[in-house]
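Undergrad: The structure follows.
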Amino acid sequence: MKVVAHRGYSGRYPENTMLAFQKAEEARADEIELDVQLTKDGTVVVIHDEVVDRTTDGTGSVRGYTFKELEKLDASQLCRGTCPVQRIPSFEEYCEWATQAHLTTNIELKTGLVYYQDIEKKTIAILEKYDLLGRVMFSSFNHLSLVETKRIAPQVPVGALIGKTGVVNAGFYCQKYGFEFYHPSFDSLDDNSVAELKAHHIGMNVWTVDGMRELEQLASWNVDGVITNYCTVCRQYLDGAK
Ligand code: G3P
Ligand code: MG
């Protein structure tokens, strides 16, 4: 089972920052999950919310800022006082770092609330520039974004994100649309849904799992990945279970 660091090592460090990504690598995560959006001037940036209020010292929407303006904000608000000032990384900055990091990346296209025009094309162009297309996957709650990435870069695997309701016949659904992975909320899975997905040869990366009971359940289902805020704990558990 892969350990996927949700927004980097976000349980201890400010989410979606270079510090959280570096710490995830140090904690021996197999993969980093991060979220991308577009600024006013079309820069692909790494941030979870459509607004900057929760994670930075600024206010307002990501798409209301140019990248130069966005870079001035302090993105360490969630760990204020316990870690140095952080910046919202451009996706390009992340990719430059990822070329020498020993892990893969799950790029979540945040197109559920705001449909950022051409974000798929722009993200793929950056990955091409850094020769990273072979070490990433895409995920999104907006499955049309996955269809679009498949149109541009069919070789890159994609995962269909689904919230707590799940999809009853998710294996059939993913197979029909060429989605190699299903990314459900843990609460939506049970023995039957896992069996249906396996029967359709669809991989599963499950979010967001930080508890032992859930971790043991995922291990017994033998899913592909656990998406967690605490990559150290998951790594230690999996090392111990070997
Ligand atoms: O990829 C799993 C997870 O990131 C989906 O939800 O809201 O944390 O982006 P969210
Ligand atoms: Mg995400």
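The values are calculated or read from the model by the stated rules, or taken from the named source; none is laboratory data. Keep in mind that what you see is a predicted model, and the values were worked out from it rather than measured. A quick note on method: Cβ atoms are made from the backbone with ideal geometry, for glycine too, and the neighbour counts reach across all protein chains shown.
Undergrad: Between a residue in region 202-230 that is farther than 14 Å from Y9 by Cα and any residue that is more than 16 Å from ligand 1 (Cβ to nearest atom) and in a helix (DSSP H, G or I), which pairs come within a Cβ distance under 7 Å, given they are 6 or more apart or on different chains?
TA: From region 202-230, the pairs are I202/G171; I202/Q175; M204/L197; L215/Y237; A219/A241; W221/V194.
Undergrad: Let me ask something else. Which pairs turn up if I take residues in region 149-162 that are aliphatic (A, V, I, L, M) and look for partners that are away from ligand 2 (no atom under 16 Å from the Cβ) and not in a helix (DSSP H, G or I) with beta carbon separation below 6 Å, at least 6 apart in sequence or on another chain?
TA: Within 6 Å, the pairs are V158/F179; A160/F179.
Undergrad: While we're on this one: Inspect region 164-183 for any residue being in contact (Cβ under 8 Å) with a residue 40 or more places away in the chain and under 14 Å from the mean Cα position of the chain (by Cα) and give the result as yes or no.
TA: Taking every residue of region 164-183 in turn, at least one turns out to be in contact (Cβ under 8 Å) with a residue 40 or more places away in the chain and under 14 Å from the mean Cα position of the chain (by Cα).
Undergrad: Could you say whether any residue in region 58-71 is in contact with a Gly (Cβ under 9 Å, 6 or more places away or on another chain) and within 16 Å of ligand 2 (Cβ to nearest atom)? Working first, answer last.
TA: In the first step, residues of region 58-71 are kept if they are in contact with a Gly (Cβ under 9 Å, 6 or more places away or on another chain); the result is 65, 67, 69-70.
Remaining after also requiring within 16 Å of ligand 2 (Cβ to nearest atom): none.
So far as region 58-71 goes, no, none of its residues is in contact with a Gly (Cβ under 9 Å, 6 or more places away or on another chain) and within 16 Å of ligand 2 (Cβ to nearest atom).
For every residue, the table says whether it meets (1) within 16 Å of ligand 1 (Cβ to nearest atom); (2) among the basic types (K, R); (3) touching a strand residue (DSSP E or B) at 6+ places or on another chain (Cβ under 7 Å); (4) over 24 Å from T99 (Cα atoms).
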site: M1; (1), (2), (3), (4): yes, no, yes, no
site: P14; (1), (2), (3), (4): yes, no, no, no
site: M18; (1), (2), (3), (4): no, no, no, no
site: V36; (1), (2), (3), (4): yes, no, yes, no
site: T39; (1), (2), (3), (4): no, no, yes, no
site: V45; (1), (2), (3), (4): yes, no, yes, no
site: H48; (1), (2), (3), (4): yes, no, yes, no
site: D57; (1), (2), (3), (4): no, no, no, yes
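Undergrad: Also: Just one of the numbered conditions (1) at negative phi; (2) touching a residue at least 12 places away in the same chain (Cβ under 8 Å) is not true of D131; which one?
TA: The single condition D131 does not satisfy is (1).
Undergrad: Follow-up. If D49 satisfies every condition in (1) away from ligand 2 (no atom under 15 Å from the Cβ); (2) over 16 Å from Y230 (Cα atoms); (3) touching a Ser or Thr at 6+ places or on another chain (Cβ under 9 Å) but one, which is the exception?
TA: Going through the list (1) away from ligand 2 (no atom under 15 Å from the Cβ); (2) over 16 Å from Y230 (Cα atoms); (3) touching a Ser or Thr at 6+ places or on another chain (Cβ under 9 Å), D49 breaks only (1).
Undergrad: For residues that are charged (D, E, K, R) and at pLDDT 95 or above, scanning just region 60-91, find the one that is farthest from T43 (Cα to Cα).
TA: Restricting to residues being charged (D, E, K, R) and at pLDDT 95 or above, the top hit is D74.
Undergrad: Under the condition of being at pLDDT 95 or above and in contact with a Ser or Thr (Cβ under 6 Å, 6 or more places away or on another chain), which residue from region 159-183 is farthest from G225 (Cα to Cα)?
TA: L161
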